[in-house]
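Engineer: Before I ask anything, here is the structure I am working with.
The values are calculated or read from the model by the stated rules, or taken from the named source; none is laboratory data. Here the structure is a predicted model, which means the values were calculated and not measured. Neighbour counts run over all protein chains shown; Cβ positions are idealised from the backbone, glycine included. Each accessible area value is taken on the protein alone, full model and side chains, heavy atoms only, with ligands, DNA and RNA left out. Shrake-Rupley method; radii C 1.70, N 1.55, O 1.52, S 1.80 Å.
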Amino acid sequence: MRLFWILVVAAVINGCMYVSGSAEGETPVHVTAIDVGQGLAVLLEYGGRYAMYDFGPDSVGVVDSLLARGVDTLEWVVLSHNHRDHIGGFLELAGRGVFVRRLYVGPDTAGDFYRDSVLRVARSLGTPVDTLLRGENVSFGGGANGFEVLWPASYWRVGENRASLVLLGKFGASKMLLTGDLDSVGERHLLEMNPTLSAELLQVAHHGSAGSNTLSFLSQVSPKYAFVSVGAENRYGHPAPSVVRKLNLVLGDSTRLYRTDLQGSIRFELSPSMGVLVP
């Protein structure tokens with residue numbers, strides 16, 4: 001009997017040893033879809049180090065949002081493609097007190113004005129710039145499995161939404177897919193290259209546009225949670241009602257679809273042992 005109670009007490013103590021919902025001793029990745037209106041800015045944090053996937057449009061206070069969160073250094077920034085609503089906020093970094101160690105861009109063949117403007121800001125910050133292609137990786141180091149670039153491949157010459165850099169983050173039991181504004185044609189090619197692609201957490205492509213997010217793509221990825229970065233009452237009608245229906249069907253529960261226009265900035269935790277958690 002004494003041994004029984006010892007085991008019970010030990011189980012209770014061990015069951016309480018979690019940090020922010022994750023198992024003791026492991027470092028989760030925190031993902032925040034910052035509410036930037038009609039655009040995309042995803043803040044990533046691992047062990048007190050920060051990075052960004054896209055930077056939202058200009059004039060919506062993305063830099064202010066980072067500073068308010070105590071972020072003064074970004075290990076890296078990935079800009080998916082050269083559209084203002086994804087990279088405009090980067091143009092406001094100069095002289096604001098946020099240092100970027102490295103900038104990654106894709107091979108987008110369009111959007112020269114914004115691309116050149118971003119490169120000028122990077123030069124003024126002294127930030128090295130690299131071009132990412134399928135098969136390459138970006139990570140925080142320090143044990144984080146990191147992000148694999150799935151699209152576009154080096155032999156594709158694409159511009160606009162179809163050029164979006166697609167990243168698959170792998171952190172033990174957790175996987176997250178960042179799709180930028182990838183369109184339905186890009187989704188089809190992505191599945192051809194990655195026929196077993198899946199992820200627990202999905203950034204819904206192109207703000208929930210009907211020109212993306214085919215049922216075949218969503219069914220293959222089969223996320224448990226998804227988020228849409230979208231502006232309230234935007235003139236595009238995003239997210240499209242048809243896409244919301246498809247997402248609800250795939251997710252199996254409408255409460256697992258998150259929207260910045262309805263909920264503001266949204267935070268997830270990717271636990272290496274426990275999967276995706278919603279604090």
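Engineer: Take the range 151-184 and flag every residue that is in a strand (DSSP E or B) and either of a type in the set (A, V, I, L, M, F, W, C) or closer than 13 Å to Tyr53 by Cα (or both).
Structural biologist: If the condition is that a residue be in a strand (DSSP E or B) and either of a type in the set (A, V, I, L, M, F, W, C) or closer than 13 Å to Tyr53 by Cα (or both), then Trp151, Val166, Leu167, Leu168, Gly169, Phe171, Met176, Leu177, Leu178 are the ones that fit.
Engineer: Okay, moving on. So which residues in the range 159-193 are more than 22 Å from Leu43 (Cα to Cα), touching a Phe, Trp or Tyr at 6+ places or on another chain (Cβ under 9 Å) and open to solvent by 10 Å² or more (accessible area, probe 1.4 Å), if there are any at all?
Structural biologist: Arg162, Ser184, Arg188, His189, Leu191, Met193, listed by residue number.
Engineer: If the requirement is being outside any loop (DSSP other than H, G, I, E, B), free of Cβ contacts under 8 Å to residues at least 12 places away in the same chain and of a type outside the set (A, V, I, L, M, F, W, C), which of these qualifies: Glu148, Glu192, Glu187?
Structural biologist: Step by step, each of Glu148, Glu192, Glu187 is checked, and only Glu192 is outside any loop (DSSP other than H, G, I, E, B), free of Cβ contacts under 8 Å to residues at least 12 places away in the same chain and of a type outside the set (A, V, I, L, M, F, W, C).
Engineer: Please enumerate the residues belonging to the range 45-57 that are under 22 Å from Val166 (Cα atoms) and free of Cβ contacts under 8 Å to residues at least 60 places away in the same chain. Quick ask: steps written out before the conclusion?
Structural biologist: Residues of the range 45-57 under 22 Å from Val166 (Cα atoms): 45-46, 49-57.
Residues satisfying the conditions are Glu45, Tyr50, Met52, Phe55, Gly56, Pro57.
Engineer: Taking the condition touching a helix residue (DSSP H, G or I) at 6+ places or on another chain (Cβ under 8 Å), under 18 Å from Asp181 (Cα atoms) and polar (S, T, N, Q), does Asn234 pass?
Structural biologist: Yes: the conditions hold for Asn234.
Engineer: Moving on to the next point. Where the second residue is of a type in the set (Val, Ile, Thr) and in a helix (DSSP H, G or I) and the first is free of Cβ contacts under 8 Å to residues at least 60 places away in the same chain and within 20 Å of Gly56 (Cα to Cα) and lies in the range 112-136, which pairs have Cβ atoms under 9 Å and are six or more apart or on separate chains?
Structural biologist: Tyr114/Ile87; Arg115/Ile87; Ser117/Ile87; Val118/Ile87; Thr127/Val121; Val129/Val118
Engineer: Quick one: in the range 206-231, of everything that is out of contact with any Lys or Arg (no Cβ under 9 Å at 6 or more places or on another chain) and of a type in the set (A, V, I, L, M), which residue is most open to solvent (accessible area, probe 1.4 Å)?
Structural biologist: Once the filter is applied, the top-ranked residue is Ala210.
Engineer: Restricting the search to the range 122-150, which residues are under 27 Å from Gly186 (Cβ atoms) and either touching a helix residue (DSSP H, G or I) at 6+ places or on another chain (Cβ under 6 Å) or of a type in the set (A, V, I, L, M) (or both)?
Structural biologist: Ala122, Val129, Leu132, Leu133, Val138, Ala144, Val149, Leu150
Engineer: Among the residues of the range 234-279, how many are touching a residue at least 12 places away in the same chain (Cβ under 8 Å), in a loop (DSSP other than H, G, I, E, B) and either surrounded by fewer than 18 Cβ atoms within 10 Å (Cβ to Cβ) or among the hydroxyl-bearing types (Ser, Thr, Tyr) (or both)?
Structural biologist: 8
Engineer: Follow-up. Give just the number: which of (1) farther than 30 Å from Trp156 by Cα; (2) hydrophobic (A, V, I, L, M, F, W, C); (3) more than 17 Å from the chain's Cα centre (by Cα); (4) modelled with pLDDT of 95 or more does Phe268 not satisfy?
Structural biologist: For Phe268, the failing item is (3).
Engineer: Would you check which residues across the range 60-96 are open to solvent by 50 Å² or more (accessible area, probe 1.4 Å) and either outside any loop (DSSP other than H, G, I, E, B) or within 24 Å of Leu165 (Cα to Cα) (or both) and list them?
Structural biologist: Selection gives Val60, Asp64, Leu67, Ala68, Arg84, Leu91, Glu92.
Engineer: Kindly establish whether Arg120 is at pLDDT 95 or above, surrounded by fewer than 14 Cβ atoms within 10 Å (Cβ to Cβ) and within 17 Å of Phe55 (Cα to Cα).
Structural biologist: Yes: the conditions hold for Arg120.
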